[in-house]
Amino acid sequence: QVQLVESGGGFVQAGGSLRLSCAASRSLFSIAAMGWYRQAPGKQRDLVATIDSSGHTNYADSVKGRFTVTRDNAKNTVYLQMNSLKPEDTALYFCYINAKTTYGSYWANYWGQGTQVTVSS
């Protein structure tokens, strides 16, 4: 079983920065996409940013130019650098990894438990 351990969430004032990290609990045979989603209270879970195995990134329009997603394949870790934070960025942030655990296994999505980000005005 693969668990994703998230860290870096917290409370920050508008205009501040936070860096989220998400690491897999075990080694993985191969990783495809990695990324982050977020869910505000009473709303659906939305895409924030993704990065594929070639390093190509994709961002939600609302975070372009402020957030940066990166990955460290050797550490099975994905990061989200969040700058110029706004109150509307307040949400529970979830990381995910699409990976194979062994050569013969299927590709699967693994999710973190979520880390809270709260931005005050």
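Protein heavy-atom accessible surface, 1.4 Å probe, per residue over the chain: 54 Å².
Taking the 1.4 Å solvent-accessible surface of the chain as the whole, the part contributed by carbon and sulfur is 47%. The simple Förster model, with R0 at 41 Å and r as the Cβ-Cβ distance, assigns TYR106 and GLN81 a FRET efficiency of 0.85.
Of all aspartates and glutamates in the structure, the ones whose alpha carbon falls short of 20 Å from that of LYS64, not counting any fewer than 8 places away in one chain, are ASP46, ASP52, GLU88, ASP89.
Contact order, relative form, for the stretch 15-91: 40 percent (alpha carbon pairs under 8 Å, 6 or more residues apart, mean separation divided by residue count). Seen from ARG66, the other residues with C-beta closer than 14 Å to its C-beta sum to a net charge of +1, counting Lys and Arg as +1 and Asp and Glu as -1. Here the chain carries DSSP beta bridges of which approximately 90% are antiparallel, counting only pairs with both residues inside.
Comparing GLY35, GLY104, GLY65 in a Gaussian network model of the chain, where Cα atoms under 10 Å apart are tied by springs, the biggest mean-square fluctuation is seen for GLY104. Here the dipole of the stretch 43-121 is about 80 debye; that uses its Cα centre as origin and unit charges on the Cβ of Lys and Arg (positive) and Asp and Glu (negative). A prolate overall shape is assigned to the chain, the ratio a/c of its alpha-carbon gyration tensor axes (a ≥ b ≥ c) being 1.5 or greater and a/b exceeding b/c.
The values are calculated or read from the model by the stated rules, or taken from the named source; none is laboratory data. Quick caveat, the model's predicted, so the values are computed rather than measured. Note: ideal-geometry Cβ built from the backbone for every residue, glycine included; neighbour counts use all protein chains shown. Please note that ligands, DNA and RNA were not included when accessible areas were found on the heavy atoms of the full protein model with its side chains. Shrake-Rupley method; radii C 1.70, N 1.55, O 1.52, S 1.80 Å.
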